[in-house]
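Reading through the structure tokens given below for one structure.
The values are calculated or read from the model by the stated rules, or taken from the named source; none is laboratory data. As the structure is a computational prediction, the values presented were derived from the model and not from experiment. Neighbour counts are summed over all protein chains in view; Cβ atoms, including those assigned to glycine, are modelled from backbone coordinates with ideal geometry. Note: accessible area is taken over every heavy atom of the protein model, side chains too, but ligands, DNA and RNA are not part of it. Shrake-Rupley method; radii C 1.70, N 1.55, O 1.52, S 1.80 Å.
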Amino acid sequence: QLHSDLDKGVGTVKYTLSGDGAGTVFTIDETTGDIHAIRSLDREEKPFYTLRAQAVDVDTKKPLEPESEFIIKVQDINDNEPKFLDGPYVASVPEMSPVGAYVLQVKATDADDPTYGNSARVVYSILQGQPYFSIDPKTGVIRTALPNMDREVKEQYQVLIQAKDMGGQLGGLAGTTTVNITLTDVNDNPPRFPKSIFHLKVPETSDVGSAIGRIRAVDPDFGKNAEIEYNIVPGDGGNLFDITTDEYTQEGIIKLKKPLDFETKKAYTFKVEASNLHLDHRFHSVGPFKDTATVKINVLDMDEPPVFSKPMYTMEVYEDTPVGTIIGAVTAQDLDAGSSSVRYFMDWKNDVDSYFTIDATEGTIATNELLDRESTAQYNFSIIASKVSNPLLTSKVNVIVNVLDVNEFPPEISVPYETSVCENAKPGQVIQTITAADKDLSPAGQRFSFKLSSEASNKPNFTVHDYRNNTAGIETRRNGYSRRQQELYFLPVVIEDSSYPVQSSTNTLTIRVCRCDSEGTIQSCNVEAIFLPVGLSTGALIAILLCIVILLVIVVLYVALRRQKKKDTLMTSKEDIRDNVIHYDDEGGGEEDTQAFDIGALRNPKVIEDNKIRRDIKPDTLRFTRHRPPAEDNTDIRDFINQRLQENDVDPSAPPYDSLATYAYEGNGSVAESLSSIDSLTTEADQDYDYLSDWGPRFKILADMFGEESYSPDKVT
């Protein structure tokens, strides 16, 4: 209720209301100021309303007091039950888990005001699912309540959870949800065979590697915990069989490793062991996770084809054997209980099979045509054997016939040889090693022998030395040969084999006489050395020799140029060597007269390139500056100067006065640059010319000129 102090109760004051819900949720009595709710309120929808009220004069419509604001708060009552917003729930827990193992946590939400009373205080409890699981009343955590829950006994559990407000008191509202809990598998069960003995019947004609039966061990576990490995326990008959696991059905597939024969053995017995691949160490105390069963296999007798006594037959026959000659036989038997007769026939595939025939009853093989080893050395064909009682049952075997050689070809020189002998050859010198070949198929250990023919054995030129290893050497018997007397020698060599009958042939070896150096290297030959009539023509040989001569000339020229370069190491070209011959009109001043030549000749040729005219005038006296020589004991320069001096001394046209020739310029490419003492920047104190006195009497004047001034070590700084 609103009331103004100016209201005297005579109806002169009017009350107005504005704000949230004015006129829709709340209304006011204009005369008394009473505020009423005209519809029900929901705190969860709107917890409070803000309103404004004012007192107005009825006559003037003017406010009697300022507008006032007030808040209407909706008081909460417990009208909302707890709700599981995430339900229903799905959870899992391993089987055989201990008591108190965590499963899942659930949560319920109550929309009532948690700050007012107990309307929003929720308590959890289990309505369905005991005694297997329990729940914490405050946190909603679900845990296992029983030990050793077995998945193989019961796998799925549905638990009904209740959440109740008002702290679980009487009158509180409640909400429920379901939790579906699954027990996951652990390997807590070993595999077990449902029976101790398995009986299998296997036909004796079963193929090796084929599956002949299946056995299965049962493991109640699931997934990888149920994977089983099968093994055959070593024992009677186990080596004839093998077992593998079918990864889809976990069955043991027994396979045949070796062929079975009813007539040899009719039954086999062995044991098979089944074990888990993935073990859980927590359950080792339960016992061994494997089981054993006995497998008995009975071999069934079947009507089988004939069996040959050998897997393959090899026969031999000499070539040119008369037609109809028996070369061997094949044998096949019917091993079944009711033995039947066997018939033989050729497996015709091509024309080669027509060279032989077989007796249908006895199985003997005979030639049908003449055989030639040089044409075909080996025949390979098949023989088929069938039972008379059942011709459809057949077996096949391969027969290899090797045609033996009859010695009908003589041995010959294996390859043509080009043999030569030096004119300066010594007796006993081997000039050629030869080998032989035979077109016949030589048996193991066949040997060839070599010798000279009877007409050549008396000649004193060459001989044949048989090395007894199917090779022989051609040796000289004379001390020297002359091409002028005879350029070609024809040596007949007789070669025999060791087969029967003995075959021999005479092969002529052509030996050419050649000119050789002292070391035995051939320099020239005029005659080809080949086995007649095979070899190179004379024109081709001359062309080859001409090419060799051209190559040798090129090599000699190249070596000569290299040697010439080594001699001219002090000069870059012939222009670097200059003879400056100075002509005098008078007798001259002797060794002291050094002004009769142009000093520019001693300088770098590049500097005086434009001044090439020599002046034969008497030079002024030159003062020689002492320079250090480029190198002591330079034998190349010394020899070069001595050679030039010798040429001037013996030249009758040389002038009878002193002449100075300069050869000291080494060239632009030299690392040491110029060897001349001219243009040197060093001082006289740096020079030592004592080595001039060691060059002999020809350099005595120079030694006296440059060595007359002695230097004291005290003056050198």
Exercise. When only the heavy atoms of the protein chains count and the probe is 1.4 Å, how do Arg214, Arg151 rank by accessible area, highest first?
Worked result: Arg214, Arg151
Seminar exercise, completed: Quotient of Cα radius of gyration and Kirkwood radius for the range 83-184, i.e. Rg/Rh, equals 1.04
Problem set entry | Which of Ile495, Cys516, Gln485, positive extreme of dipole for the range 412-524 (C-beta unit charges) | Gln485
Seminar exercise, completed: In Å², rounded to a whole number, the accessible area per residue of the range 83-184 with probe 1.4 Å is 53
Problem set entry | Unit charges on C-beta of K, R, D, E only; dipole of the range 1-104, Debye | 160
Seminar exercise, completed: Long-range amide H partners of Lys451, meaning residues 5 or more apart or on another chain whose placed amide H is closer than 5 Å, are Val494
Seminar exercise, completed: Expressed in square angstrom to the nearest 10, the accessible area of Glu316 with a 1.4 Å probe stands at 110
Seminar exercise, completed: Long-range share for the range 307-404, i.e. C-alpha pairs more than 18 Å apart as a percent of all pairs, stands at 44
Problem set entry | Dipole magnitude of the range 96-237 about its Cα centre (Cβ charges: Lys, Arg +1; Asp, Glu -1), debye to nearest 20 | 300
Exercise. Near Pro411, within a Cβ-to-Cβ distance under 9 Å, what is the net charge of the other residues, with Lys and Arg +1 and Asp and Glu -1?
Worked result: -4
Seminar exercise, completed: With x for Gly and Pro, the residue-by-residue ³J(HN,Hα) of the range 296-312, computed from phi through the Karplus equation 6.51 cos²θ - 1.76 cosθ + 1.60 at θ = phi - 60° and given in whole Hz, is 10, 10, 9, 7, 8, 6, 10, 6, 10, x, x, 10, 6, 6, 10, x, 7
For this session: May I ask you to derive the FRET efficiency for Glu369 and Thr314 from their Cβ-Cβ distance with R0 = 22 Å, giving the value to the nearest 0.05?
Result: 0.65
Seminar exercise, completed: Rg from C-alpha atoms of the range 12-52, normalised by the globular rule of thumb 2.2 N^0.38 Å, equals 1.24
For this session: Please report, in debye to the nearest 20, how large the charge dipole of the range 307-404 is about its Cα centre when each Lys and Arg carries +1 at its beta carbon and each Asp and Glu carries -1 there.
Result: 440
Problem set entry | Protection proxy ranking of 425-431, 404-410, 552-558 - average other beta-carbon atoms within 10 Å, highest first | 404-410, 425-431, 552-558
Exercise. If you keep only loop residues by DSSP, which chymotrypsin sites (Phe, Trp or Tyr not before Pro) in the range 377-484 have at most 16 other Cβ atoms within 10 Å of their Cβ?
Worked result: Tyr467
Exercise. Which FRET efficiency value, to the nearest 0.05, do you get for Lys349 and Gln130 by plugging their Cβ-Cβ distance into 1/(1 + (r/R0)^6) with R0 = 51 Å?
Worked result: 0.05
Exercise. Quick one: with all protein chains in place, what share of the accessible area of the range 13-73 is carbon or sulfur, to the nearest percent (1.4 Å probe)?
Worked result: 49
Problem set entry | Furthest towards positive pole of dipole, Thr249, Ala274, Ala293, structure part the range 197-300, Cβ charges | Ala293
For this session: Lys and Arg at +1, Asp and Glu at -1: add these up for the other residues within a Cβ distance under 12 Å of Asn507 and post the number.
Result: -1
Problem set entry | Heavy-atom accessible area per residue - the range 197-300, 1.4 Å, Å² | 55
Problem set entry | Potential extension, Tyr116-Glu423 segment - 0.36 nm per residue separation minus Cα distance | 96.7 nm
Exercise. So for the pair Ile701, Phe283, with labels modelled 7 Å out along Cα→Cβ, what separation do we get in nm?
Worked result: 12.6
Seminar exercise, completed: To the nearest 0.05, the calculated FRET efficiency linking Val25 and Asp242 through their beta-carbon distance, R0 being 56 Å, is 0.05
Exercise. For the pair Ser498 and Lys396, how long in nm is the line joining their label points, each one 7 Å along Cα→Cβ?
Worked result: 4.3
Exercise. How much solvent-accessible surface does His3 expose, in Å² to the nearest 10, with a 1.4 Å probe and all protein chains in place?
Worked result: 120
Exercise. Taking all protein chains as present, what is the carbon and sulfur share of the accessible area of the range 88-186, in % to the nearest whole number, probe 1.4 Å?
Worked result: 53
Exercise. Ranked by accessible surface with a 1.4 Å probe, highest first, in what order do Lys201, Lys46 come?
Worked result: Lys201, Lys46
Problem set entry | Rough spin-label spacing in nm, given labels placed 7 Å along Cα→Cβ, for Lys83 and Arg214 | 5.4
For this session: Provide the solvent-accessible area of Ile77, counting protein heavy atoms only and rolling a 1.4 Å probe, rounded to the nearest 10 Å².
Result: 110
Exercise. For Leu200, what charge total do you get from the other residues with a beta carbon under 10 Å from its beta carbon, if Lys and Arg give +1 and Asp and Glu give -1?
Worked result: +3
